[in-house]
Amino acid sequence: MLKIIVLVKQVPNTTQVKIDPETNNLVREGIPSIVNPFDLYAIEEALLLKEKFGASVTALTMGPPQAREVLKYAMALGVDQGVLLSDRAFAGADTLATSYTLSAGIKKIGIPDIVICGKMAIDGDTAQVPVELAEHLNIGCLTNVSQVLEIKTGKLKAVSTMDFSQLKISVKLPAVLAVNKGINEPRLPMLKDMARASHMKCNTLTVNDLNLDKNRISIAGSPTWVVKVFAPESNRKGRILEGSIDKQVEEVLKVLKEHEAV
Amino acid sequence: MTKTAEIVIIGAGSTGSSIAYHLAKKGVKDIVVLEKLGIGSGATGHAAGLIRHHYPSRELVKMAKYCSKKLENFQEEMDFDIDHVKNGFCYLTSENGNSFVDMVAMQRSEGVDVEILEPKEVENLHPKGPINTEGIGYGLLDYDAAYADPYKVAVGYVEKAKHLGADVRIGVVVKDIIEEKGKVTKVVTNKGDFSTRLVINAAGIGAVDINKMLNIDMPLKYMSLGHGVLIPDVEFDPNILTINDGSSENFLFFLRPESGGTVLIGMDQDDSNREIVPESYYMDVPFDKFGKFYEYLIKRLPFAKKFKIQTTFGALDLRTPDWNPAIGYLDNGPEGYYLAIGGSGHCFKLAPVMGKVIAESILNETTSFDFSIFDVNRLNKFSDDSFSGSFFVNEK
């Protein structure tokens with residue numbers, strides 16, 4: 001039976017971040033945390049492989065204790081178990097330290113046949129963790145995976161879709177897959193699944209449970225420094241139309257025609 | 001530049017926009033409505049939209065009855081579709097039906113079509129499957145209950161108010177209210193000042209901040225409800241009745257049809273250990289707590305166990321200790337400062353009457369309803385620690 005680990009991350013729901021009308025700053029307070037939307041495709045792909053080939057699927061995340069919620073969500077969808085890497089000693093990690101810590105977690109669980117990740121997380125947009133993770137584990141990595149074609153004799157064949165090209169590519173297992181948005185249609189949990197998962201326990205691993213070099217985790221192991229976070233300046237100007245609906249529609253049509261959009 | 005306005009209304013939720021419409025309809029000119037984010041963007045836009053009648057006091061029942069008719073005829077009267085659906089509503093409680101005989105008699109005397117159901121009748125009430133009646137003392141069926149889109153109600157009022165001459169401004173943040181010799185004189189905003197003799201605070205959850213500008217402190221508290229949009233595995237007609245289970249102390253919920261064949265649920269959250277950030281209406285719906293909620297819900301309504309959870313969101317309200325809104329001028333407050341706040345989760349369904357009686361009271365007319373139970377000055381007798389109960393239980 002295949003062994004699959006799927007990586008998930010709890011992120012702030014950036015679609016609900018509001019702009020302060022006065023300062024134009026992002027209001028982040030009270031923004032709910034969600035499963036990174038890209039990871040939903042990773043979870044779904046793991047579950048589809050499980051249904052097709054038979055597999056045990058473990059969801060793995062690193063984060064504060066409340067990150068347990070995303071593991072429970074994954075378990076509600078059908079993932080067999082959840083593992084949380086949680087320790088103050090992991091905090092402040094960039095992608096390199098994060099991927100290193102995750103690799104130590106994966107070694108502790110046991111390197112599976114396939115590690116599936118979402119393309120990237122919506123809070124950082126770096127897409128670096130999957131490839132770095134493969135390096136730490138010294139295994140192959142396929143990125144931009146848009147279709148898994150077959151798994152046979154220790155090899156996985158997949159389609160990788162980039163901006164201007166498509167590759168049919170195979171990799172020796174174990175391997176890391178970073179899957180694209182749209183590779184599948186992520187399922188939604190049923191009420192009964194959510195009720196069941198609320199009783200399931202996750203395993204929590206702390207820094208002392210893992211065999212790792214403490215200089216390579218948290219801030220100490222992070223060569224990246226964020227100098228400044230700012231909202232990009234928009235040079236597009238909106239226009240609010242006045243008048244009756246018919247007049248407004250007429251105006252919209254006129255503008256669209258001017259720009260040869262219709 | 002300072003503009004002049006007869007009346008400045010702060011907030012374009014269902015309350016503020018209804019007040020604007022009713023005042024404009026009575027011929028008041030120079031009404032300015034100032035809205036920080038968007039029409040109905042606060043509690044209104046996140047409300048459940050339930051319209052029903054079974055309140056414990058006669059005054060409230062009268063008002064609820066009036067509102068229910070007004071909302072039913074909203075499209076005709078206001079020329080604006082609010083997605084009104086009459087579907088009926090059943091409240092489930094652990095208490096014995098006998099304790100509510102008088103209340104039901106009073107509601108019937110006001111023309112409310114309401115019935116007490118025995119557990120056996122409750123069991124077969126829902127068209128999608130039996131209701132588990134364990135722990136249910138009785139059900140109270142409100143035949144004429146309905147639901148509608150609260151956001152559209154606010155927009156409907158705003159559109160009509162604008163048509164009647166009201167000046168509704170979006171993206172305007174009130175920074176200060178100036179008081180001179182015990183009278184309000186000016187509203188200071190990020191988009192200019194408005195000199196006026198009358199300011200109506202209808203700012204919903206922002207009302208506390210507006211009060212602070214005049215150093216007014218009242219016993220008010222934020223409360224939040226968790227909501228979920230579900231995709232049923234069976235066809236779910238829009239006119240299937242709403243179930244509101246108030247029988248458990250820990251898990252209070254409602255379940256009603258929503259547009260597009262989906263289902264809306266609302267869950268009471270105990271926020272005693274959570275810090276609420278009023279600046280953000282979007283509250284977290286924590287899994288650990290709601291997993292147990294879902295478990296309770298499908299035990300009560302087994303037909304829902306395969307319903308899929310499409311999304312969850314929170315709603316924030318400002319509540320008073322007795323769950324009634326706080327309306328009127330303060331006895332010891334500045335002249336020209338009128339409050340229409342503390343909706344406590346009720347004010348969407350009361351929007352038509354709120355606008356009506358507030359407009360009448362501001363214009364010193366005889367009010368169509370006795371709304372003394374909403375008198376803002378009653379809050380003096382409460383202290384900050386007099387809050388108790390939960391939304392659904394106290395709503396009965």
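The values are calculated or read from the model by the stated rules, or taken from the named source; none is laboratory data. No experiment lies behind these values; they were computed from the predicted model shown. Methodologically, a virtual Cβ is constructed for each residue, glycine included, from the backbone with ideal geometry; neighbour enumeration extends over all protein chains shown. The area values use the complete protein model at the heavy-atom level, side chains included, leaving out ligands, DNA and RNA. Shrake-Rupley method; radii C 1.70, N 1.55, O 1.52, S 1.80 Å.
Some values worked out for this structure:
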| item | result |
| --- | --- |
| All lysines inside 26 Å of B:Lys305 as judged from Cα atoms, apart from same-chain residues fewer than 8 positions distant | A:Lys50, A:Lys52, A:Lys72, A:Lys192, A:Lys201, B:Lys86, B:Lys120, B:Lys128, B:Lys289, B:Lys292 |
| Sorted peptide list for B:360-371, A:197-208, A:241-252, criterion being average Cβ within 10 angstrom, highest first | A:197-208, B:360-371, A:241-252 |
| Estimated FRET transfer efficiency when R0 is 51 angstrom, pair B:Asp233-B:Asp385 (beta carbons, to 0.05) | 0.65 |
| Theoretical gain in end-to-end length, B:Arg58 to B:Lys26 [0.36 nm per residue, Cα-Cα removed] | 8.8 nm |
| Label-to-label distance, nm, for residues given as B:Asn132 and A:Asp213 (7 Å Cα→Cβ offset) | 5.5 nm |
| 10 Å Cβ neighbours from other chains, averaged over peptide A:197-206 | 2 |
| Shielding score for A:62-73, defined as the mean number of other chain Cβ atoms within 10 Å | 2 |
| FRET efficiency, 1/(1 + (r/R0)^6) with R0 56 Å, evaluated for A:Lys228 and B:Val101 via beta carbons | 0.25 |
| Area hidden from solvent between A and B (accessible, protein heavy atoms only, 1.4 Å, total, Å²) | 2500 Å² |
| Accessible-area composition of region A:191-242, carbon plus sulfur, in percent [1.4 Å probe] | 52 percent |
| Built amide H within the under 5 Å cut-off of A:Ile116, gap 5+ | A:Ile5, A:Val6, A:Leu7, A:Leu177 |
| Integer Hz, Karplus 6.51/-1.76/1.60 couplings in order for region B:127-137, x for Gly and Pro | x, 9, x, x, 9, 6, 9, 4, x, 8, x |
| Dipole of chain A [Lys/Arg +1, Asp/Glu -1 at C-beta], most positive-end residue of A:Met194, A:Thr224, A:Ser33 | A:Met194 |
| Orientation-averaged projected area, Cα convex hull of the protein assembly as shown (nm²) | 33.8 nm² |
| Tail beyond 19 Å, pair distance distribution of region A:170-251 (Cα, percent) | 80 percent |
| Pair B:Asn377, A:Asn235: separation of 7 Å Cα→Cβ label points (nm) | 6.2 nm |
| Amide proton proximity set for B:Leu252, modelled H, under 5 Å, gap of 5+ | B:Asp268 |
| Whole-Hz ³J(HN,Hα) from phi, Karplus 6.51 cos²θ - 1.76 cosθ + 1.60, for region B:107-117, glycine and proline x | 4, 5, 5, 8, x, 8, 8, 9, 9, 8, 10 |
| Size of charge dipole - region A:131-259 - debye, nearest 20, with Cβ of Lys, Arg +1 and Asp, Glu -1, no other charges | 360 debye |
| Enclosed volume per residue, in Å³, of the convex hull spanned by Cα atoms of region B:77-163 | 126 Å³ |
| Neighbour net charge for B:Ser361 - beta-carbon separation under 14 angstrom, K R +1, D E -1 | -2 |
| Cα pair distances exceeding 18 angstrom across region A:27-117, given as percent | 49 percent |
| Protection proxy ranking, peptides A:47-59, A:183-195, B:344-356, average beta carbon neighbours within 10 Å, highest first | B:344-356, A:183-195, A:47-59 |
| Amide H partners (placed H, <5 Å) of B:Ile177, local residues excluded | B:Val188 |
| Per residue accessible area in Å² of region A:2-216, where ligands, DNA and RNA are left out and the probe is 1.4 Å | 46 Å² |
| Semi-axis lengths, Å, region A:2-216, gyration tensor of Cα atoms, sqrt of 5 times eigenvalues | 26, 21, 19 |
| Too-long pairs where the Cα-Cα distance tops 26 Å, listed order kept, from B:Lys162/B:Lys186; B:Lys36/B:Lys183; A:Lys257/B:Lys36; B:Lys3/B:Lys162; A:Lys247/B:Lys152; B:Lys25/B:Lys175 | A:Lys257/B:Lys36; B:Lys25/B:Lys175 |
| Where chain B is the region considered: accessible area per residue in Å², 1.4 Å probe | 39 Å² |
| Within 10 Å of each Cβ in B:130-143, the average number of Cβ atoms from other chains | 0 |
| Distribution of pairwise C-alpha distances over chain B, 20 Å bins, in % | 28, 58, 14, 0 |
| 25 °C / 0.890 mPa s Stokes-Einstein diffusion coefficient of region B:154-265, Kirkwood radius on C-alpha pairs, µm²/s | 133 µm²/s |
| Cα-centred dipole magnitude for the protein assembly as shown, charges only on beta-carbon of K, R (+1) and D, E (-1), debye, nearest 20 | 1640 debye |
| Charge-dipole axis of region A:38-177 as Lys and Arg at +1 and Asp and Glu at -1 on Cβ define it, positive-most pick from A:Thr143, A:Leu156, A:Gly124 | A:Leu156 |
| Dipole moment magnitude, nearest 20 debye, region A:2-216 about Cα centre, only Lys, Arg, Asp, Glu C-beta charged | 720 debye |
| Computed FRET value (nearest 0.05) for B:Lys3 with B:Glu365, which takes r as the C-beta separation and R₀ as 30 Å | 0.65 |
